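Engineer: Can you keep this structure in mind? I'll have questions shortly.
The values are calculated or read from the model by the stated rules, or taken from the named source; none is laboratory data. Predicted, not measured: the structure shown is a model, and the values here were computed from it. Because the Cβ atoms are built from the backbone with ideal geometry, glycine has one as well, and the counts that use them run over all protein chains shown.
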Amino acid sequence: MGFKDHFSGHASAYAAYRPTYPLALVDALADASPATDRAWDAGCGSGQLSVLLARRFTTVEASDASAEQVANAVAAPRVTYRCAPAERSGLPDASVDCVVVAQAAHWFDLEAFAAECARVGRPGALVALVTYGLMFIRPDLDACLNTFALETLKDFWPPERRHVDTGYAALHFPFAPVALPQLSMRAAWSLTQTLGYVGTWSAAAAAGRAGRRDLVDAFEAELASRWGAPETVREVEWPLTVRAGRLP
């Protein structure tokens, strides 16, 4: 299966507006790994999680198939970025203690990726698929966002996006299950930041390419009318789903 690139066209916006994962996620991954010498962040995007992993892992290998995403990645000590598909990372055999994929596993060839994890993982290595779906701010704002995501844009989402809605339950994952704590990702955002994030959705970008920017404009106007003063900062939450397992 070829690389389906839904994000290179707005990689700089992705880097600017995607939320940051909680440090509690990094702690949970490190605590469940057999060691903390090296982690691999597959499908790293612009490195939102990669730089945090370096707080607990000695080195972090971060890879993405999109050269534009890698070009916009956040530089950090002990984090090495590479442009490579998750199914063919180029990493040495038995070299990583933890493999993590954040909001990207639904784009992978999962059988080939599982084989790559088995090749590069050390005995007992942790493999974790992290995803998040709808955001929660306030009921009236949530209704506006959900209508836009689930109804207005329903024909513009790539088919793989359905796996996010099911918490990755149907993805190929041939590893012994590991239970990790339930966590949420949180941010404090203005209207501009919220709209910037929505603009990174693959479906929003697809609508624009299809000549339906009017759908995005109408949503933005509706959300603005409910938000209040644009500079007002509101708490945003995304519940995280982590499907984790262990290599033999």
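Engineer: Do you know which of the residues in the stretch 45-79 that are more than 12 Å from Val26 (Cα to Cα) and charged (D, E, K, R) is surrounded by the fewest Cβ atoms within 10 Å (Cβ to Cβ)?
Structural biologist: In this case the residue turns out to be Arg78.
Engineer: Answer with yes or no whether Glu235 is on the phi < 0 side of the Ramachandran plot, at pLDDT 95 or above and among the charged types (D, E, K, R).
Structural biologist: Against the criterion (on the phi < 0 side of the Ramachandran plot, at pLDDT 95 or above and among the charged types (D, E, K, R)), Glu235 qualifies.
Engineer: What number of residues in the stretch 179-193 are in a loop (DSSP other than H, G, I, E, B) and of a type outside the set (A, V, I, L, M, F, W, C)?
Structural biologist: Adding up the residues that qualify gives 3.
Engineer: While we're looking at this one, here's another question. Out of all the residues in the stretch 82-103, which are within 20 Å of Leu29 (Cα to Cα), under 17 Å from the mean Cα position of the chain (by Cα) and either surrounded by fewer than 21 Cβ atoms within 10 Å (Cβ to Cβ) or of a type outside the set (Gly, Ala, Ser) (or both)?
Structural biologist: Cys98, Val99, Val100, Val101, Gln103
Engineer: Report yes if Gly133 is within 15 Å of the chain's Cα centre (by Cα), surrounded by fewer than 18 Cβ atoms within 10 Å (Cβ to Cβ) and more than 18 Å from Gly245 (Cα to Cα), otherwise no.
Structural biologist: yes
Engineer: Do the conditions hold for Arg226, that is, is it modelled with pLDDT of 95 or more, surrounded by fewer than 17 Cβ atoms within 10 Å (Cβ to Cβ), out of contact with any strand residue (DSSP E or B) (no Cβ under 6 Å at 6 or more places or on another chain) and farther than 13 Å from Met135 by Cβ? Please lay out each step first, then the result.
Structural biologist: On the way: modelled with pLDDT of 95 or more: yes; surrounded by fewer than 17 Cβ atoms within 10 Å (Cβ to Cβ): yes; out of contact with any strand residue (DSSP E or B) (no Cβ under 6 Å at 6 or more places or on another chain): yes; farther than 13 Å from Met135 by Cβ: yes.
Answer is yes for this residue.
Engineer: Continuing with the same structure: For a quick check of your reading of the model, give me the residue pairs whose first member lies in the stretch 155-176 and is farther than 22 Å from Ala205 by Cα, whose second is of a type outside the set (Asp, Glu) and loosely packed, with under 12 Cβ neighbours inside 10 Å, with beta-carbon atoms closer than 9 Å and at least 6 apart or on different chains.
Structural biologist: Ala170/Arg162; Phe175/Pro248; Ala176/Pro248
Engineer: Now for a separate question. Being surrounded by fewer than 19 Cβ atoms within 10 Å (Cβ to Cβ), charged (D, E, K, R) and closer than 19 Å to Val198 by Cα: is that true of Glu151 here?
Structural biologist: yes
Engineer: Those residues that are assigned to a helix (DSSP H, G or I) and charged (D, E, K, R), I need them from the stretch 194-227; list them, please.
Structural biologist: Applying the first criterion (assigned to a helix (DSSP H, G or I)) to the stretch 194-227 yields 194-198, 202-209, 213-227.
Selection gives Arg209, Arg213, Asp214, Asp217, Glu220, Glu222, Arg226.
Engineer: May I pose another question? Just wondering, is there one or more residues in the stretch 156-163 that are surrounded by 21 or more Cβ atoms within 10 Å (Cβ to Cβ) and more than 16 Å from the chain's Cα centre (by Cα)?
Structural biologist: no
Engineer: While we're here: Name the pairs whose Cβ atoms lie under 8 Å apart, with the first residue in the stretch 13-30 and at pLDDT 95 or above, the second among the hydroxyl-bearing types (Ser, Thr, Tyr), and 6 or more positions between them or separate chains?
Structural biologist: Pro22/Ser184; Ala30/Thr36
Engineer: Next up: Failed condition for Thr241, given (1) over 16 Å from the mean Cα position of the chain (by Cα); (2) in contact (Cβ under 8 Å) with a residue 12 or more places away in the chain; (3) within 21 Å of Asn146 (Cβ to Cβ), with all others met?
Structural biologist: Checking Thr241 against (1) over 16 Å from the mean Cα position of the chain (by Cα); (2) in contact (Cβ under 8 Å) with a residue 12 or more places away in the chain; (3) within 21 Å of Asn146 (Cβ to Cβ), the one that fails is (1).
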